[in-house]
1. In the range 29-65, whose amide N lies under 12 Å from the spot 7 Å out along Cα-to-Cβ of residue 18? List them in ranges.
2. Would you mind checking the tilt of helix 22-46 against the longest principal axis of the Cα atoms of the chain, expressed as 0 to 90 degrees and rounded to 10?
3. In deg cm²/dmol and to the nearest 500, what is the mean residue ellipticity at 222 nm of the chain if only DSSP H runs of at least 4 residues count, each as -39500 (n - 2.57), divided by the residue total?
4. With only alpha-carbon atoms in the gyration tensor, what are the semi-axes of the equivalent ellipsoid for the chain, in Å, largest first?
5. Using 0.36 nm per residue, how much length does the chain from residue 44 to residue 28 gain when fully extended, once their Cα-Cα distance is taken away?
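A short reminder: the numbers here are calculations on the coordinates, not readings from a lab. Bear in mind that the values here come from a model prediction, so they are computed numbers and not experimental data. No Cβ is skipped: glycine too gets one built from the backbone with ideal geometry, and neighbour counts run over all protein chains shown.
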């Protein structure tokens, strides 16, 4: 990500907002979503796997079949 095209809004000497090019914003959003996916994947991998038989699964999802 390049910082040359940032437009900062300053109030009382403090940065309060940043205006980004839409392409750069989309790139940041995509990066954040990838990080969120990796965190979710790690959380799932930390949970123990639970297995059940096909008959048990079918009885829960297709009762009476």
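1. Answer for the range 29-65: 29.
2. Once rounded, one gets 30 degrees.
3. Calculated mean residue ellipticity at 222 nm is -17000 deg cm²/dmol.
4. Values: eigenvalues 486, 37, 28 Å².
In descending order, the three semi-axes are 49, 14, 12 Å.
5. Result for the pair: 3.3 nm of gain on full extension.
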